[in-house]
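Read the figures in this text as sums done on the coordinates, not as results from a lab. Keep in mind that what you see is a predicted model, and the values were worked out from it rather than measured. Cβ placement follows ideal geometry from the backbone for every residue including glycine, while neighbour counts extend to all protein chains displayed.
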Amino acid sequence: MFNIIIKENYAQVSSEAFRIMRETIRKENPVLGLATGSSPIGLYKKMIADHNTNGTSYKNVTTFNLDEYIGLPKNHDQSYWTFMHENLFDNINVKEENIHIPEGDVEDEEAECQKYEELLNQYEIDLQILGIGTDGHIGFNEPGTPFDSVTHIAELEEQTRTDNARFFDDDIEAVPTHAITMGLVSIMRAKKIIVIATGENKADAVYGMIKGEKSVDCPASILQDHPDVTVILDTKAASKVEA
């Protein structure tokens, strides 16, 4: 079930996402599912500002990230560990031991997937933040990913690597070819989900997620079966849903 909210611009989209996030943070011992990429940065900035201005505490918050590139050490400037610490964790009072991000630079990636999924199963995520790829992927669940997938190794599509090359000085060869990602089942276990999408380049994927046939060709379409999904869009990302 989708609750669709359309705002004029990215700043308003981020404010709306933060309004929902703030309600979750006020719960006792909240568990957050977090995403990387450009979509949630505005939300994270508002979380930091709220913490600094209003003293909102994150000391009882537990976090799980969706994914991590395989082959990048934690301290690599484009690892998702680095992204999350620079854009959120280093600026709020979350405990490091409560932060969970898959390890992408390990000898046995399959064992890491199993370990992460087992840890996820010990918690229930109160609020999962998602972006959506131009091909309809969520996390790194690329088109063709089975709907019954759990945490696994994903081979990244050329489109995904092309989209992410902007973070690697526009060099697609520098973008890793594989990642560890929560599976679609892992994501669907969250109590509540927010999808953030802005820009005309996301309009087709948003349409496929909301109004398209439920199909592995658009992994985000699995969200049609979730009872509580809020999709927050700017007018450009919403253009084909409104039509």
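Data overview
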{"quantity": "Choice from 170, 105, 228 showing the highest fluctuation, given a GNM over the chain with Cα pairs closer than 10 Å", "calculated": "170"}
{"quantity": "Region 1-140: relative contact order in percent, alpha carbon pairs under 8 Å with at least 6 residues between", "calculated": "29 percent"}
{"quantity": "Sorted by Cβ density within 10 Å, fewest first, the residues 231, 195", "calculated": "231, 195"}
{"quantity": "Order of 28, 124, 103, 142 under a 10 Å beta carbon neighbour criterion, fewest first", "calculated": "28, 124, 103, 142"}
{"quantity": "Projected-area average for the chain over all orientations - Cα convex hull basis, square nanometres", "calculated": "12.0 nm²"}
{"quantity": "Within region 176-225: Cβ-based charge dipole about Cα centre, in debye rounded to nearest 20 (Lys, Arg +1; Asp, Glu -1)", "calculated": "320 debye"}
{"quantity": "Long pairs among 45/115; 191/214; 27/236; 45/236; 46/240; 191/211, criterion Cα-Cα beyond 26 Å", "calculated": "45/115; 27/236; 46/240"}
{"quantity": "Length-normalised contact order of the chain in % [C-alpha pairs under 8 Å, at least 6 apart]", "calculated": "26 percent"}
{"quantity": "About the Cα centre, charge dipole magnitude for region 2-242 (Lys/Arg +1, Asp/Glu -1 at Cβ), debye", "calculated": "1460 debye"}
{"quantity": "Order of 36, 145, 151 under a 10 Å beta carbon neighbour criterion, fewest first", "calculated": "145, 151, 36"}
{"quantity": "Contact order normalised by residue count of region 123-214, Cα under 8 Å, 6+ apart, percent", "calculated": "43 percent"}
{"quantity": "Charge dipole of region 2-242 about the Cα centre (unit charges at C-beta), most positive-ward option of 241, 179, 138", "calculated": "241"}
{"quantity": "For region 167-190 and region 58-98, distance of Cα centres in Å", "calculated": "15 Å"}
